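Student: Questions regarding the structure given below will be posed in turn.
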Amino acid sequence: MKQILLFALTALAMTQTVHAQKLIVGERAPELKIREWISRTPTEENKPRLVEFFHSASKPSTDRIPILNTLAKKFDKQLHVIVITRESQDKIAPILTDKNNLFFVGLDDAGKTFTAYGIRYIPFSVLIDAKGRTCWFGNSAHLTEEIINQNL
């Protein structure tokens, strides 16, 4: 009985994951609709981007901050690392605007970008090439430097 229940839950989770996002690898990624950039604004539009969807109440999201900084430093010349949140600036500023943070922070408090990407869970990352096509997406914990290098 336990095996049947486990199988059913696994199948349901896989179905939800497959349909959870509105992204297709190789297809154009939705536009980032950012109301306001905090601290600094990405300067190059045609630069590959790693977009991280974030919420301060999510421990896995906050645990990713040092990893995102490492990626932003390592891939500085090749990739914009962008964190997007639906939270207010007052709420996230103490967490995301540390002067040592090397990534960009965008406020999507109207939820337009979250909706366009079909975000259902966080943390969630999307790797976008210089032509605006989705290269990789999924749980941020599964994104590796090797995946980034393969797609730059």
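None of the figures in this text is laboratory data; all of them are computed from the coordinates on show. None of these values were measured; they are calculated from a predicted model. So basically every Cβ, Gly included, is an ideal-geometry build from the backbone, and we count neighbours across all protein chains shown.
Student: Packing-wise, with mean Cβ within 10 Å as the measure, how do 134-147, 80-93, 35-48 rank, highest first?
Tutor: Top to bottom by mean Cβ count within 10 Å: 80-93, 134-147, 35-48.
Student: To test your reading of the geometry: what angle, between 0 and 90 degrees and rounded to tens, separates the Cα axis of helix 2-20 from the longest principal axis of the chain?
Tutor: 40 degrees
Student: In Å³ and rounded to a whole number, note down the convex hull volume per residue for the Cα atoms of the chain.
Tutor: 122 Å³
Student: Set the Förster distance to 25 Å, then compute FRET efficiency between Ala93 and Asn149 from the Cβ-Cβ distance, nearest 0.05.
Tutor: 0.20
Student: If one takes the longest principal axis of the Cα atoms in the chain, at what angle in degrees, from 0 to 90 and to the nearest 10, does the Cα axis of helix 65-74 lie?
Tutor: 60 degrees
Student: When you count, for each residue, the other Cβ atoms within 10 Å and take the mean per peptide, how do 50-56, 117-123 rank with the highest first?
Tutor: Going by the mean number of other Cβ atoms within 10 Å, highest first, we get 50-56, 117-123.
Student: Using a basic spin-label model with each label point 7 Å from the Cα along Cα→Cβ, how many nm lie between Leu102 and Glu36?
Tutor: Result: 2.7 nm between the two label points.
Student: Take every DSSP beta bridge whose two residues both sit in the stretch 2-151, then give the antiparallel share in percent to the nearest 5.
Tutor: If I count the DSSP bridges inside the stretch 2-151, around 60 percent turn out antiparallel.
Student: A follow-up question, please. Pull out the extension gain between Arg120 and Glu45, defined as 0.36 nm times the separation in residues minus the alpha carbon to alpha carbon distance; nm, one decimal.
Tutor: 24.4 nm
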